[in-house]
Protein chains: 2
Amino acid sequence: MTNIPGISDIREAAARIAPLAHRTPVLTSLAINEICGMQLFFKCENLQKVGAFKFRGACNAVMSLGEAEAAAGVATHSSGNHAQALALAARMRGIPAHIVMPETSPKIKQKAVAGYGGRITLCKPTLQAREETLEQVVAETGATFIHPFNNDRIIAGQGTAALELLEEITDLDAIIAPVGGGGLMSGTAIAAKALAPDISVWGAEPAGADDAIRSLAAGRIIPSQNPRTIADGLLTSLADKTFAIISRHVERIYPASDEAIVRAMRLIWERMKIIVEPSGAVPLAALLEKGPGGKAQKVGIIISGGNLDLDRLPWQESQ
Amino acid sequence: MTNIPGISDIREAAARIAPLAHRTPVLTSLAINEICGMQLFFKCENLQKVGAFKFRGACNAVMSLGEAEAAAGVATHSSGNHAQALALAARMRGIPAHIVMPETSPKIKQKAVAGYGGRITLCKPTLQAREETLEQVVAETGATFIHPFNNDRIIAGQGTAALELLEEITDLDAIIAPVGGGGLMSGTAIAAKALAPDISVWGAEPAGADDAIRSLAAGRIIPSQNPRTIADGLLTSLADKTFAIISRHVERIYPASDEAIVRAMRLIWERMKIIVEPSGAVPLAALLEKGPGGKAQKVGIIISGGNLDLDRLPWQESQ
């Protein structure tokens, strides 16, 4: 079995990132509780630096490097929140971050990465081009590759969000997180099972990118083929580390339709007055579709991020 | 001189509303600090119940009533956040809230008030009709009139936001709040001057509804004539209590153009991932126009609310 991080790694990560990351608030909404028939506690990682939980893992990975290793910088391939998070963490340490992005990635995302000081290398939009370009960058610079999720320090860093939530709300019956590559879900599960062994650990996945649901059912990794969902942060499939952790600790992963995702997103905007991206609304969407869980049930929800184009909102697409 | 509430009234209000209101988070943004050249601490009343600080005052006023008085309910005229706040506070106490609204007020606002159980009486959209209708409702029901801002318990309740902020960030150099009728500004000023006598207390007002700036300059209340601004929560003019408090405690009120208000609003949405209405962005807008205040300056900002139509955002109006 793959060696996986434990609660001590998450606690060490928490101490390491404490001076640099936000301790995000836990918010509640009576209106949303009534709609869901549960008592929900939202851990707001959309209010984290760079607007996503990804900063926790990236910061832990960058700050864990030895001096000599760090001096050569870090590198990754990502067109999403991990790229921004790694660039900011590297800037905080004063080292270079090399980011490989497909040439088709939106200018707004390239600009955000550059804004945090990331050094961008564009590549053709294929998996092969991405991996080859990254290998080349690493060979030329000596930078340390920080995988977006299949990395122990990334997973331990992401687990600090659940650690904070469970320290603050000590009697949760369940905790639910979105599943893409599985880094956040893995860290959440490790933290939850260590702090509250009886807690139910759930995942939530877009129905149009349900590789984790199918992988758990099959007992082996079944990558998504052409995933289609509005939740563009959750297109990635599980890898060996995250599959191993999720198989062991996650009770069930619930699917969410795109319709429910947009509804949940709007509900969070309107009732909680916070900006959540489609991927971040997936757990609430899954609970809305799953149906009420009983008034007494106290459920923690990790809201993963809030990065989206404010000029094009999902409920305006058809206008 | 008008008798005005003191810090002990604010502390009593804080104890009274603590079980019912959210203790809202204080958020920070390095990106916005860099733009402003100040260290800003945002007290997020947009994340308060009903999406605005107004719940603090309304809750304090409703919960302060004696049993007999309370039984007959409360009444007010408002088409804004105070109406929703009073309706919710009354529902929590199990008493009726009679809300007089102009028949021209948007259906979405009427629906929101009704959603909190408010009993709506529509009137013609004139000041005279509003006051007459309210008098009639009070005469018929025996309800207690709760003025939206020119009321000691409302002012004391609004002051609890600054009290929490100053308890959390103990070394602020200045604090700034938006000014409409002046209830929030008054409560903020009383709390700030009591807890931190050397603090600078600033207000911020839309340039298109700058009655408070003109009133302070003239030394008497000069109501706005046909105010025009995107910040539709700040159209109201000062009244005797709020004018007296603001004259005594507020060092200066800064104007903000509508252009700066929209820019500040978008900055808060993009960088802090929270939803703020135009009125709530006015203090940041005023600081943006005022210019940098020196790196070391620590400024607390009260973000007043987050209620607006998500289908029509200011930066999309021209599309």
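Quick notes
- Using the alpha carbons alone, the radius of gyration of the protein assembly as shown stands to its Kirkwood radius in an Rg to Rh ratio of 1.00.
- Length available on full extension from A:Ala139 to A:Thr104: 0.36 nm per residue minus the Cα-Cα distance, which gives 10.2 nm.
- Out-of-range pairs (alpha-carbon distance over 18 Å; input A:Lys49/A:Lys111; A:Lys273/B:Lys49; B:Lys193/B:Lys298; A:Lys54/B:Lys273; B:Lys54/B:Lys109; A:Lys298/B:Lys54): A:Lys298/B:Lys54
- Per the Cα gyration tensor, chain A maps to an equivalent ellipsoid with semi-axes of 29, 22, 19 Å, ordered largest to smallest.
- Within the accessible surface of the protein assembly as shown, defined with a 1.4 Å probe on protein heavy atoms only, the carbon and sulfur portion equals 49 percent.
- Under Karplus coefficients 6.51, -1.76 and 1.60, residue-wise ³J(HN,Hα) of region A:9-22 in Hz, glycine/proline x: 5, 5, 5, 5, 4, 4, 5, 5, 8, 3, x, 10, 9, 6
- The modelled label-to-label distance between B:Glu168 and B:Ala114, using points 7 Å beyond Cα along the C-beta direction, is 3.6 nm.
- Across every pair of non-identical alpha carbons in region B:188-265, the mean reciprocal distance, once inverted, gives a Kirkwood radius of 13.1 Å.
- Residue-normalised accessible area of region A:55-145, expressed per residue, 1.4 Å probe, Å²: 44
- Inter-part distance where region B:195-263 and region B:22-50 are each reduced to a Cα centre, Å: 21
- Heavy-atom accessible area buried between chains A and B is around 2000 Å² (1.4 Å probe, both sides summed).
- With its label point defined 7 Å out from Cα along the Cα-to-Cβ axis, B:Leu310 lies at 1.5 nm from the matching points of the other copies, in increasing order.
- Considering only chain A, percent of DSSP beta bridges that pair antiparallel, nearest 5: 10
- Net charge over other residues, Cβ less than 10 angstrom from the Cβ of B:Ala207 (K, R count +1; D, E count -1): -4
- Distances in nm from A:Gly94 to the matching label points in the other copies, shortest first (labels 7 Å along Cα to Cβ): 6.4
- Volume per residue of the C-alpha convex hull in region B:55-145, rounded to whole Å³: 73
- Shown here for region A:221-319: GluC sites (Glu not before Pro) in loop regions (DSSP other than H, G, I, E, B) with at most 14 other Cβ atoms within 10 Å, namely A:Glu251, A:Glu317.
- When all protein chains stay in place and ligands, DNA and RNA are ignored, the 1.4 Å accessible-area order of A:Asp171, A:Asp198, largest first, is A:Asp198, A:Asp171.
- Charge tally for A:Leu20 (other residues, Cβ to Cβ under 10 Å; Lys, Arg +1; Asp, Glu -1): +4.
- Phi-based couplings in Hz for region B:140-148 (Karplus 6.51, -1.76, 1.60; Gly and Pro marked x): 6, 9, x, 5, 8, 6, 10, 4, x
- Choice from A:Ser237, A:Ser64, A:Ser304 showing the highest fluctuation, given a GNM over chain A with Cα pairs closer than 10 Å: A:Ser64
- Amide H contacts of B:Cys123 (H built 1.01 Å from N, under 5 Å, at least 5 apart or other chain): B:Met101, B:Glu103
- The two copies B and A are related by a rotation, and the chain B beta carbon nearest its axis, with distance in whole angstrom, is B:Pro25, 2.
- Pairwise centroid distance, computed over Cα atoms, of region B:57-74 with region A:57-111, Å: 56
- The phi torsions of region B:192-199, fed into the Karplus equation with coefficients 6.51, -1.76 and 1.60 and a -60° offset, translate into couplings of 5, 5, 6, 8, 9, x, 8, 5 Hz, rounded to whole numbers, with Gly and Pro shown as x.
- With protein chains left intact and a 1.4 Å probe, residues in region B:155-265 average 36 Å² of accessible area per residue.
- Under a 5 Å amide H cut-off, with hydrogens placed 1.01 Å from N, B:Ala204 pairs with B:Ala177, B:Val179, B:Tyr254 among residues at least 5 apart or on other chains.
- Model label points for B:Ala18 and B:Gln297, set 7 angstrom from Cα along the Cα-to-Cβ axis, are 3.5 nm apart.
The values are calculated or read from the model by the stated rules, or taken from the named source; none is laboratory data. Treat the numbers as computed from the prediction; the structure is a model and nothing was measured. Ideal geometry is used to build each Cβ from the backbone, glycine not excepted, and the neighbour counts take in all protein chains shown. With ligands, DNA and RNA removed, areas are computed over all heavy atoms of the protein, side chains included. Shrake-Rupley method; radii C 1.70, N 1.55, O 1.52, S 1.80 Å.
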